[in-house]
Amino acid sequence: MLFYDAHCHLQDPRFDHCRDALLENLTSSAVRECISNGTNPEDWSTLARLSTHPKVRPAFGLHPWKVKHATPDWFEQLEQRLIEHPGALIGEIGLDRWIRDPQFPKQMEAFERQLELAASLNIPPCIHCLRAWGHLQNVLERYASRLPGFLLHSYAGPAEMTERFVKLGAYFSLSGYFLHPKKQHKLEAWRSIPLERILIESDCPDMELPAQDHQPIPNAGKSCTELNHPGNLPAIYAFAAKTFGHESTAFASQVEQNYHRLFAQTTTH
């Protein structure tokens, strides 16, 4: 059984003290590929170096939390990264009105510029959204027909909007967030998502699993013991298969097909 991490952040500074152990474990694991999402030009260099690993695919993007601190040339830097890394994705991008002082007009401008770039390059973007679902739907209704699909990562949007996102071409990735009992009510929105549109993600080092499901990074040292990582994907896959009523091997095979279908235009390995 192979596992695919549709959304993570292996370049995150919290991995700086254990990244060698993380990558060594990744090399020997059943995880076939991880899409590591950048958040701003400051972490793109680390991400570019990580992309030399055979199981790491980069995604370069300006996260909505980073928009207000972005340098004037961020978009030109993004274009250059995509030139330097054929097969890279665009992400993590999106809209967020949950954060303090969201400067939403700037977020919207940055999001639309990146969607326009994704459309022109035929790249499926990886999208973040919090408390801006109506705005997101309105934007995607203008861009979706020009995109080869898109990923709504760790989807926790309203159940009544799910069908519309499906029709627009959305894929949805489920993270370890949903394994926590207090969060499982959010799974109601997933009931109407076709199995052919479901992916799995770790969103590491965030989205920690419940303690009983978490496996520390082998040989990583105490400072990284609690960090989430792609090695936790089997637990997320098992939870998703049980939740959606599928046998584990068949479910993993379907997720693999979904992953390749969405990202076929940008397969790098």
> Do any residues in region 133-162 that are of a type in the set (D, E, K, R) have Cβ atoms under 7 Å from those of residues that are open to solvent by 20 Å² or more (accessible area, probe 1.4 Å) and part of a helix (DSSP H, G or I), where the two are at least six apart or on different chains, and which pairs are they?
Replying inline: Glu141/Leu168
> Just for region 10-50: of the residues that are open to solvent by 40 Å² or more (accessible area, probe 1.4 Å) and basic (Lys, Arg), which one is farthest from Asp73 (Cα to Cα)?
Replying inline: Arg32
>> Among the listed residues His229, His260, His185, identify the single one that is open to solvent by 50 Å² or more (accessible area, probe 1.4 Å) and under 23 Å from Arg57 (Cα atoms).
In response: His260
> Within region 195-213, which residues are closer than 12 Å to Leu179 by Cα and open to solvent by 40 Å² or more (accessible area, probe 1.4 Å)?
Replying inline: Met207, Glu208, Ala211, Gln212, Asp213
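Among the candidates Ile236, Ile217, which residue alone is open to solvent by less than 30 Å² (accessible area, probe 1.4 Å), in contact with a Gly (Cβ under 6 Å, 6 or more places away or on another chain) and among the β-branched types (Val, Ile, Thr)?
After ruling out the rest, the residue left standing is Ile236.
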> Out of region 214-233, which residues are out of contact with any Ser or Thr (no Cβ under 9 Å at 6 or more places or on another chain), in contact (Cβ under 8 Å) with a residue 40 or more places away in the chain and not in a loop (DSSP other than H, G, I, E, B)?
Replying inline: Ser223, Cys224
>> Return the residues of region 202-251 that are touching a Pro at 6+ places or on another chain (Cβ under 6 Å) and either farther than 17 Å from Ala21 by Cβ or at pLDDT 95 or above (or both); say none if nothing qualifies.
In response: Ser202, Leu227, Asn228
>> I need the full set of residues from region 14-33 which are farther than 27 Å from Val255 by Cα and in contact with an Asp or Glu (Cβ under 8 Å, 6 or more places away or on another chain), in order please.
In response: none
> Does Ile193 satisfy the criteria of being of a type in the set (Val, Ile, Thr), in contact with a strand residue (DSSP E or B) (Cβ under 6 Å, 6 or more places away or on another chain) and within 29 Å of Cys18 (Cα to Cα)?
Replying inline: no
> Taking the stated definitions as given, is Leu47 under 30 Å from Gln103 (Cα atoms), assigned to a loop (DSSP other than H, G, I, E, B) and either out of contact with any helix residue (DSSP H, G or I) (no Cβ under 8 Å at 6 or more places or on another chain) or not polar (S, T, N, Q) (or both)?
Replying inline: no
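The values are calculated or read from the model by the stated rules, or taken from the named source; none is laboratory data. Nothing here was measured: the structure is a model prediction, and the numbers come from that model. No Cβ is skipped: glycine too gets one built from the backbone with ideal geometry, and neighbour counts run over all protein chains shown. When the accessible area is computed, the model is the full protein with side chains, heavy atoms only, and any ligands, DNA or RNA have been set aside. Shrake-Rupley method; radii C 1.70, N 1.55, O 1.52, S 1.80 Å.
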